1. Could you work out what % of the accessible surface of the chain is carbon and sulfur, using a 1.4 angstrom probe and leaving DNA, RNA and ligands out of the count?
2. Which trypsin sites (Lys or Arg not before Pro) in the range 144-176 pass both tests, a DSSP loop state and at most 10 other beta-carbon atoms within 10 Å?
3. Please report the net charge: other residues with Cβ closer than 12 Å to the Cβ of Thr108, K and R +1, D and E -1.
4. Beyond 16 Å, what share of the Cα-Cα pairs of the range 49-156 is found? Please give it as a whole percent.
5. If you put +1 on each Lys and Arg Cβ and -1 on each Asp and Glu Cβ, how big is the dipole of the chain around its Cα centre, in Debye rounded to 20?
6. If we count every other residue with Cβ under 14 angstrom of Arg43's Cβ, Lys/Arg +1 and Asp/Glu -1, where does the sum land?
7. So, for the chain, what is the accessible surface per residue at a probe of 1.4 Å, expressed in square angstrom?
8. How charged is the neighbourhood of Cys153? Take every other residue with its Cβ under 12 Å from the Cβ of Cys153, and add Lys/Arg as +1 and Asp/Glu as -1.
Amino acid sequence: MHNVNVGALRETVAKAEGDPSAVRKPVEFDGDWQTREGAAQFRATISFPQGETVFEADFAPPMGGTGVAPSPLAYCFWGGLACYAMTFAQEAALQGIRLQSLRGRLATEVDHSRALGVTDNPPVEQIDWYIEVQCDAAPETLERIKRLADEHCPGVWCVRNPVQLATHLQVTPDPG
């Protein structure tokens, strides 16, 4: 239904209800700093079940980059919005609500002063995610779907809750 395989989704839900550990999946990837003039600053190949794609990130010129690729935060913002929109579409499909269209939009403001070592201001104070849908469902039904998406979306959870982060440094000796 509207590009959601409801049968596969229901099977996965049943599997998770029987054994929550069955739906835990490790995620690992790495990327490389690009030293070639004019290249995006950071590049990674990201694998997924049907293949792989390349992500490139570059800071805007005022931040020391060339602006030839999206900023790292653009990927974070896009990933969160995509997760929320996709969760909304899944919840609608599980409830039998057919969406003719769904559009997600994000609005925020980034303060780069912390990244520049000038202030302790938070880089982002608020993120607004908007979902615009076209369908035949009643507004109260769509509000219920929104509440389910708010409760179930991993992106919502990650933005609203601290996630433990450990940073590590490994130094490789210069071969020269």
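1. 52 percent
2. Sparse-neighbourhood loop trypsin sites (Lys or Arg not before Pro): none present.
3. -3
4. 67 percent
5. Here the chain has a charge dipole of around 400 debye.
6. My count for the surroundings of Arg43 gives -4.
7. Values: 13320 Å² over 176 residues.
On a per-residue basis, 76 Å².
8. 0
The values are calculated or read from the model by the stated rules, or taken from the named source; none is laboratory data. Just so it is clear, the structure is predicted and the values come from calculations on it, not from any experiment. Note: ideal-geometry Cβ built from the backbone for every residue, glycine included; neighbour counts use all protein chains shown. Areas reflect the complete protein model, heavy atoms only, side chains present, ligands, DNA and RNA absent. Shrake-Rupley method; radii C 1.70, N 1.55, O 1.52, S 1.80 Å.
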